[in-house]
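What follows is a single structure, written as structure tokens, with notes after it.
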Amino acid sequence: MTSGAWLVLLGTWLVAVASPGPDFLAVLRTSLSRGRGAGWAVAAGVTAGIAVWIAVALLGIVALVSSHPAAALVMRWAGVVFLVIYGGWILSGVVRELRRRARVAESPVGKPPAVQTVPTIWQSVRLGFLTNTVGNPKAVVFFGALFASILPPGITLAESVTVAAAMVLVAFLWFGLVAIIASRRVVVATYQRAQLWIDGFLGVFFVLLGILLIPWQGV
């Protein structure tokens with residue numbers, strides 16, 4: 001690959017990765033609510049999902065899936081279900097917290113705060129992986145178009161591995177940076193003051209994103 005092709009590829013990829021989307025919001029929210037370690041775990045899961053998409057694109061599987069409408073439709077519906085369920089899970093947490101605060105306010109003595117279940121590292125990694133893969137079916141089109149327009153036809157195996165490694169590294173560094181910034185005390189304190197509003201917005205966002213993915217012409 002020429003230096004120009006590398007510049008275009010990595011520049012386009014950096015813009016795509018940095019653009020706010022489900023991956024970014026999953027890392028952001030987890031880092032704000034669970035801390036840097038959990039945020040890094042989600043970032044690792046997202047990066048693993050990206051590695052899978054890059055691998056299938058370089059192997060030509062993307063073109064195979066794109067040529068079979070039924071397979072693409074199944075992937076899209078899986079994304080719809082995942083995003084709606086994830087958004088609903090966030091919103092259910094908001095409702096539970098509102099009910100808890102109402103009970104505490106009604107009690108003259110007050111009640112101790114509810115014990116929250118902290119997800120394991122594996123659960124955080126799984127969240128990131130599913131958000132990037134199942135929750136992002138349009139990645140099939142993106143990676144196919146990106147590689148078809150930039151990568152040279154005669155790219156070698158070594159160059160393909162180098163491209164994949166560079167893209168995965170860029171993604172992990174970006175999402176890791178998001179986790180670091182979002183887990184800073186001042187950012188967390190700001191989030192905690194407006195947690196219900198922020199979580200409510202994110203929950204609605206994921207649900208609406210899932211609805212927008214519905215292939216209405218096939219319904």
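A few remarks follow.
- A72 at pLDDT below 70, assigned to a helix (DSSP H, G or I) and surrounded by fewer than 20 Cβ atoms within 10 Å (Cβ to Cβ): yes
- The stretch 158-173, subset over 19 Å from the mean Cα position of the chain (by Cα) and not small (G, A, S), residue modelled with the lowest pLDDT: E159
- Yes/no for G35 being under 19 Å from F147 (Cβ atoms) and modelled with pLDDT of 80 or more: no
- From V109, V134, residue being assigned to a loop (DSSP other than H, G, I, E, B), among the hydrophobic types (A, V, I, L, M, F, W, C) and at pLDDT 80 or above: V134
- Close pairs from the stretch 128-140: first more than 17 Å from R34 (Cβ to Cβ) and of a type in the set (A, V, I, L, M, F, W, C), partner part of a loop (DSSP other than H, G, I, E, B) and at pLDDT 75 or above, Cβ under 9 Å, at least 6 apart: A139/T133
- Taken over the stretch 172-219, the criterion of being among the charged types (D, E, K, R) and assigned to a helix (DSSP H, G or I) is satisfied by R185, R193, D199.
- Among the candidates R29, R36, the residue that is among the charged types (D, E, K, R) and more than 28 Å from L212 (Cβ to Cβ) is uniquely R36.
- Verdict on A145 being of a type in the set (G, A, S) and either at pLDDT 80 or above or not in a helix (DSSP H, G or I) (or both): no
The values are calculated or read from the model by the stated rules, or taken from the named source; none is laboratory data. From a predicted model like this one, the values you see are computed outputs, not experimental measurements. Methodologically, a virtual Cβ is constructed for each residue, glycine included, from the backbone with ideal geometry; neighbour enumeration extends over all protein chains shown.
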